[in-house]
1. Within segment 388-406, count every residue that is of a type outside the set (D, E, K, R) and outside any loop (DSSP other than H, G, I, E, B).
2. Test each condition in (1) under 12 Å from Val76 (Cβ atoms); (2) in a loop (DSSP other than H, G, I, E, B) for Gln22 and report the one that comes out false.
3. Residues in segment 248-262: is at least one small (Gly, Ala, Ser) and touching a strand residue (DSSP E or B) at 6+ places or on another chain (Cβ under 9 Å)?
4. Please specify each residue of segment 409-438 satisfying the condition of being touching an Asp or Glu at 6+ places or on another chain (Cβ under 9 Å), within 21 Å of Asn306 (Cβ to Cβ) and modelled with pLDDT under 85.
5. Report whether or not Leu282 is buried (at least 16 other Cβ atoms within 10 Å of the Cβ), at pLDDT 85 or above, touching a strand residue (DSSP E or B) at 6+ places or on another chain (Cβ under 7 Å) and in a loop (DSSP other than H, G, I, E, B).
6. In segment 229-256, what residues are among the β-branched types (Val, Ile, Thr) and either loosely packed, with under 11 Cβ neighbours inside 10 Å or not in a helix (DSSP H, G or I) (or both)?
7. Which of the residues belonging to segment 357-387 are surrounded by fewer than 20 Cβ atoms within 10 Å (Cβ to Cβ), hydrophobic (A, V, I, L, M, F, W, C) and outside any loop (DSSP other than H, G, I, E, B)?
8. Here are some residues: Glu223, Glu232, Glu212. Which one is over 31 Å from the mean Cα position of the chain (by Cα) and among the charged types (D, E, K, R)?
Amino acid sequence: MDTKALRQKILDLAIHGKLVPQDPNDEPASVLLERIKAEKERLIKEGKIKRSKKSAKTSDTPHYENVPFEVPESWVWTTIEEICSKIGSGSTPRGSNYSANGIPFFRSQNVYNDRLVYDDIKYISEEVHQKMKGTEVLANDLLLNITGGSLGRCAVVPADFNCGNVSQHVCIMRSVLVEPEYFHVLVLSSYFAKSMKITGSGREGLPKYNLEQMGFPLPPLTEQQRIVAEIEHWFALIDQIEQGKADLQTIIKQTKSKILDLAIHGKLVPQDPNDEPAIELLKRINPDFTPCDNGHYTFDVPNGWNWCKLNDLCSFLSRGKSPKYSEDDKTYPVFAQKCNLKEGGISLEQARFLDPSTINKWDSKYKLQTGDVLVNSTGTGTVGRTRLFDESYLGKYPFVVPDSHVAVVRTYEEINSEYVFAYMSSQLIQQYIEDNLAGSTNQKELYIGEFIFSISSYQ
């Protein structure tokens, strides 16, 4: 289940008036809008807010001839500007004049869709706060990131909030007589993202004018409250589903780890005394094989098993080479560390490509084959990551070769490559790899040829 898409669907149903039924006894949104206008007039007369240039020209309720979508009869289309007493970004104290404590100063990294995050929060003094009154945050404000990679992320300021300010990368939207959480729902919806042209890669800012003039589907106030309650109900259920999925993934991971651990210790299946001893298999593969002392390694193995070096099992064991890349030709992909996906599996979507003029410099043995075990051999956080290659991953490409940060483990035909993959993927061996890396902190390296391996004759 795609719970992210499910949340988005619920938000979209909400702002279209399709999440909860309408109640004919609700005060119509048109009346609510007049009350909002009256409240803003009161605030203007008291000098608490300024009249916008647009509202100074006309006091008419906005009329939409071409509405973005139809809403229920009890709703009304207006604009964000019409329902807000303030829309404006903050500023950064001159000289980044922060304090060790004092008034919280929120930046874009403190604003998330579900809450304000106080990690890495900055503070300003009371004196600086007073000089920046125009950027003051109040309870129930909606804070919206308007620049950078977190553009579009927003949070409602808690009702018990005391005092704070925001940077120029965060916009304060202060609604009048509108349920703050319903406003939040609108900003989280796909309608808002499309209207503001917010994309995953876009880093442009949101112009204030665009925010002000964006159409706002306004329900009756009591319906806003029902919408918020219904969303909270469904989102709580989705939270349970996501937690269940996370718990299940943990159990699956632990179970796989246990199975692999039993397998490499020779405890997953019973031994058959009629099986050929592993030492004989190794001698058949390589007559010059030198036996290892089974008593000097990490754990005990059953009789008939044998310790050896990974070199002894492989027809080809090597890192790839440093390629010359092409910026235009997309024919011959190069397998890099990022192709070994963190979440599992293999993908060539992020691969770079060989310069076609260098193809002849690559021996055919470097072309990856079904059964090749691929191991990331450098890099903090990625070294040791192991995947099993299959030629089906090639798709439309004729072949793929590894770069110098990926090691290819290609076993003899008599050796089961899936067992080698399972062995090297086990938690015990991954920990062994982590503990025996060479190199500096920022560039750990795995010298895979000397890797110690336990094996039976019939893997």
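The values are calculated or read from the model by the stated rules, or taken from the named source; none is laboratory data. The model shown is predicted, which means the values in this text are computed figures rather than measured ones. Note that we place each Cβ from the backbone using ideal geometry, even for glycine, and neighbour counts take in every protein chain shown.
1. As a first pass, look at segment 388-406 and keep what is of a type outside the set (D, E, K, R): 388-389, 392-395, 397-402, 404-406.
So of that shortlist, the ones also outside any loop (DSSP other than H, G, I, E, B) come out as 388, 392-394, 401-402, 406.
Going through segment 388-406 one residue at a time, the tally reaches 7.
2. (1)
3. no
4. The answer is Leu428, and nothing else.
5. Working: buried (at least 16 other Cβ atoms within 10 Å of the Cβ): yes; at pLDDT 85 or above: yes; touching a strand residue (DSSP E or B) at 6+ places or on another chain (Cβ under 7 Å): yes; in a loop (DSSP other than H, G, I, E, B): no.
Here the answer is no, as Leu282 does not meet what is asked.
6. Taking segment 229-256 as the starting set, the residues that turn out to be among the β-branched types (Val, Ile, Thr) are 231, 238, 241, 250-252, 255.
Hits for segment 229-256 are Thr250, Ile251, Ile252, Thr255.
7. Ile359, the sole residue that qualifies.
8. Details: Glu232 fails: over 31 Å from the mean Cα position of the chain (by Cα); Glu212 fails: over 31 Å from the mean Cα position of the chain (by Cα).
Matching residue, one of Glu223, Glu232, Glu212: Glu223.
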